[in-house]
Amino acid sequence: MAENTRLEELIPLYALGVLEGDELREAERLIEEGSPHARELLRQYENVTSLLPYSAGEAAPDPRVRREIIEYARNSALRRRPAQAGGFMDRLRPFFFGLSGALAAGVIVFLFANNLSLRGTLREEKTTVGDLSAKVSGQDEEIKSLRNLLAEKEGMVGGLEAKLASLEEITEFMEDQEIVLIRMERTKPEIRAAGRVLLDTVENDALLYCLDLPKAPPGKIYQWWVIVGGVPKSVGTFHVDSEGDSVIKIDSLKKYGNVEKFLVTIEPDGGAQKPSGSELLRGQSI
């Protein structure tokens, strides 16, 4: 009787392939001894385990099994048994003794089948998540690189469009036969900047442009001036492009009076009422 009970404990777990150590060797010994009861139990549980891969979805236990599991869990909680020491079977033995042998084996098969299925699903999902995370990370880097490249190209396009507009404006302005070119001289030898004033002596409008000015420091801006009767008057403030160039058109110089000179200085952001900063370019009017 004791051997049959031990067979009913070991054979289901042997069929599932979860035994190890002494318990595995004991199960193999009992099977090798070849008792009819051992062979029949092994055949039955191997038939059951062979069908487990074809199970679909969650398995629902027999209502009677479910009631006995719940009742056992309730009684176990009330008894507050200490954790069992020893091997795998030592931890499961109280559960076996709480149910009949065949019923306990059926419950174990059901629980282990679900456990193995969930573990397999979990591994697959973790692998999928890892693969997707790697792909997303790689795509994020690629998208970031493309965005940076796009921003760089857009900046280049913007700069080229502005330069083209300036050149077209200068070209159109110079088509007038009454244009006078006034050369602006740099006042600091360490800079390479140059400036020109295109003056229409008939319409009395002007085009002021500068080349190769250094980028203004933070909080600073360039400012054009005309000198009239020895008094400086602001024409406007401006920034330069990436190559240090800028163009300003003045529709009429008459509003300023009789212009004697042209100046370019660097001033605080927003400009100044009169030149207060460093003078970079100067030109004598006609």
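Values in this text are rule-based calculations from the coordinates and carry no lab data. Since the model is a prediction, treat every value here as computed from it, not as a measurement. Because the Cβ atoms are built from the backbone with ideal geometry, glycine has one as well, and the counts that use them run over all protein chains shown.
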Considering only the other residues whose Cβ falls under 12 Å of the Cβ of Lys254, what net charge follows from Lys and Arg at +1 and Asp and Glu at -1?
-> -3
Simple spin-label model, 7 Å along Cα-to-Cβ: Lys215 to Glu40 in nm?
-> 9.2 nm
Reach of Lys144 by Cα under 21 Å, taken over lysines that are not fewer than 8 positions away in the same chain | Lys135, Lys153
Taking the radius of gyration and the Kirkwood hydrodynamic radius from Cα positions alone, what is the Rg/Rh ratio for the range 177-284, to two decimal places?
-> 0.94
Charge tally in the Cβ shell below 12 Å around Glu32, where Lys, Arg are +1 and Asp, Glu are -1, Glu32 excluded | 0
Under Karplus coefficients 6.51, -1.76 and 1.60, residue-wise ³J(HN,Hα) of the range 203-220 in Hz, glycine/proline x | 7, 6, 9, 8, 10, 9, 9, 10, 10, 6, 6, x, 4, 5, x, x, x, 10
Under a cut-off of 20 Å between alpha-carbon atoms, report the lysines in cross-link reach of Lys233, not counting same-chain residues fewer than 8 places apart.
-> Lys220, Lys249, Lys254, Lys255, Lys261, Lys274
Out of all DSSP beta bridges with both ends in the range 177-284, state the antiparallel percent to the nearest 5.
-> 100 percent
